[in-house]
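Written out below as structure tokens is the structure these notes cover.
Derivation of every value follows stated rules applied to the coordinates shown; laboratory data play no part. Predicted model only: the values in this text are computed from it and were never measured. Note that we place each Cβ from the backbone using ideal geometry, even for glycine, and neighbour counts take in every protein chain shown.
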Number of protein chains: 2
Amino acid sequence: MNLQLEGRVVFFATNNINKFNEARKVLGEYGIAAGMLRVKNLEVQSDSLEEIARASVADAFERCHLPIIVEDAGLFIEALSGFPGPYAAYVYKTIGNDGLLKLMRDIENRKARFQSVITYLSAKTESPICFGGEVAGEIVEEERRKGRESGFGFDPIFKPVNSARTFAEMDTAEKNKCSHRARALRKFAEWYGKLP
Amino acid sequence: MNLQLEGRVVFFATNNINKFNEARKVLGEYGIAAGMLRVKNLEVQSDSLEEIARASVADAFERCHLPIIVEDAGLFIEALSGFPGPYAAYVYKTIGNDGLLKLMRDIENRKARFQSVITYLSAKTESPICFGGEVAGEIVEEERRKGRESGFGFDPIFKPVNSARTFAEMDTAEKNKCSHRARALRKFAEWYGKLP
């Protein structure tokens, strides 16, 4: 633990403990220690995850002056013209998985993709640097979880291609092998590890 | 026309010609001439219309230095925990009225309300000033318009209380008697008319 803390450290500005736990494990594989920073992120309203993440990390850095990452993620359902897109959090809070499943009732094209943008900013970087990750999959017919408590957000209704299980039926290690978030984090971690 | 332009003038920053036309007529009743200003508004992601409108007007003023108003509006459906709320524009663009009607299928509680926040900023005002308007109503069972082209956004599925018609079955004059936007604009116009 001490060894890790003497190595590289980055702070993940998020209020979502599930996202943080996933990130902590991925970054740990690269010898990067992660701290969770609970700050109210500024989120601009935009259809572009990158634009949202850039504005958000700049705002968070402004307030803490630590090497910081933020994530913005979205779920894009093809048959719904990309809905809920970058507004996943709000849509989850209001209509939730039940609402999405109702919207998808009787729709044959179940294709969807999760996208994640990780944005990094520190005193050494002039402007935010973005790393993207994506996973294609489909919306299943009903919620599927491993345990009653497993999975968060839209995980119970999203099944990646080439998988028989939804994100909520996987443990963190398995999800981290294919998730949009883990893919973006790995790109960040590889770049971060090479910094002088 | 010249007379009007010699009187009070305000610029409405919007890309929605329908909103502008409604506003122009309401403001005209108060002797206020309105100009339409097409700028890409910054929109922060927030559940608060007022917060969105404040950030948005400050950004627009920054770029044009004219006396300016912006509007942020939302549709809040009780049975959907307030969805689509402030994200009305994005939700309209993706799932549209069909999506909302599908979400409301088999739901008895059809109560909804439209809210509008008009925010004003000029060189003479220290910070943005907000004026709110609201109208209660319900989501009808299917789209209802007067003509094929009439109404915009969620107008065809929203019927104010004490009205037999949806917003899209009304002409602008009738809609302006009861709409959330007109109510907010009237508050603004009364205040604006009294400015020295």
Output ³J(HN,Hα) for the range A:124-138: one whole-Hz value per residue in order, computed from phi by the Karplus curve 6.51 cos²θ - 1.76 cosθ + 1.60 with θ = phi - 60°, and x for Gly and Pro.
7, 9, 6, 9, x, 10, 10, 9, x, x, 8, 9, 8, x, 8
Relative contact order (%) - criterion: Cα under 8 Å, at least six apart; region: chain A
19
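If you place +1 on the Cβ of every Lys and Arg, -1 on the Cβ of every Asp and Glu, and leave all else neutral, what size is the dipole of the protein assembly as shown about its Cα centre, to the nearest 20 Debye? Each step should come with its number before you reach the end.
On the way: 56 positive and 54 negative charges, 35 e Å.
My answer is approximately 160 debye.
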Distance between the range B:71-136 and the range A:176-196 - C-alpha centres, whole angstrom
38
Subtracting the Cα-Cα distance of residue A:64 and residue A:9 from 0.36 nm times their residue separation yields 18.4 nm
Step through the residues of the range B:68-83 one at a time and calculate ³J(HN,Hα) from phi using the Karplus curve (6.51 cos²θ - 1.76 cosθ + 1.60, θ = phi - 60°), rounding each to whole Hz and writing x for Gly and Pro.
9, 10, 10, 10, 10, 10, x, 10, 10, 9, 4, 5, 10, 6, x, 4
In debye to the nearest 20, how big a dipole does chain A give about its Cα centre with +1 on each Lys and Arg Cβ and -1 on each Asp and Glu Cβ?
460
Set A:146/B:102; A:93/A:159; A:102/B:146 screened for pairs whose C-alpha atoms are more than 25 Å apart:
A:146/B:102; A:102/B:146
When every alpha-carbon pair in the protein assembly as shown is counted, what percent end up more than 27 Å apart?
56
Using the Cα centre of the range A:26-88 as the reference point, and only Cβ charges (+1 on K/R, -1 on D/E), how large is the resulting charge dipole? Debye, rounded to the nearest 20.
320
Hey, fewest Cβ within 10 Å first, where do A:135, B:39, A:70 land in order?
B:39, A:135, A:70
Who wins for biggest fluctuation among A:132, A:31, A:99 in a Gaussian network model of chain A, springs between alpha carbons below 10 Å?
A:99
Just to confirm the number: angle between the C-alpha axis of helix A:180-194 and the first principal axis of chain A, 0 to 90 degrees, nearest 10?
20
GNM, chain B, Cα, under 10 Å: largest mean-square fluctuation among B:89, B:34, B:73?
B:89
Quick calc: nm separation of the 7 Å Cα→Cβ label points for residue A:79 and residue B:190 -> 5.0
On average over all directions, what projected area in square nanometres does the range B:15-110 have, based on the convex hull of its Cα atoms?
7.4
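Quote the Stokes-Einstein diffusion coefficient, in whole µm² s⁻¹, for the range A:2-194, based on the Kirkwood radius over alpha carbon pairs, a temperature of 37 °C and a viscosity of 0.692 mPa s.
Value of D from the Cα-based Kirkwood radius: 193 µm²/s.
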Calculated label separations, residue B:124, copies of the chain, 7 Å along the beta-carbon direction, nm
5.3
What residues qualify as long-range amide H neighbours of residue B:112, i.e. H under 5 Å apart, gap of 5 or more or another chain, H built at 1.01 Å from N?
B:78, B:137, B:138, B:139
Degrees, to the nearest 10: B:17-29 long Cα axis against longest axis of chain B
60
Quickly work out the residue B:39-to-residue A:124 label distance, labels modelled 7 Å from Cα along the C-beta direction, and quote it in nm with one decimal.
3.9
Label point 7 Å beyond Cα along the C-beta direction, distances from residue A:194 to other copies (nm, shortest first):
6.4
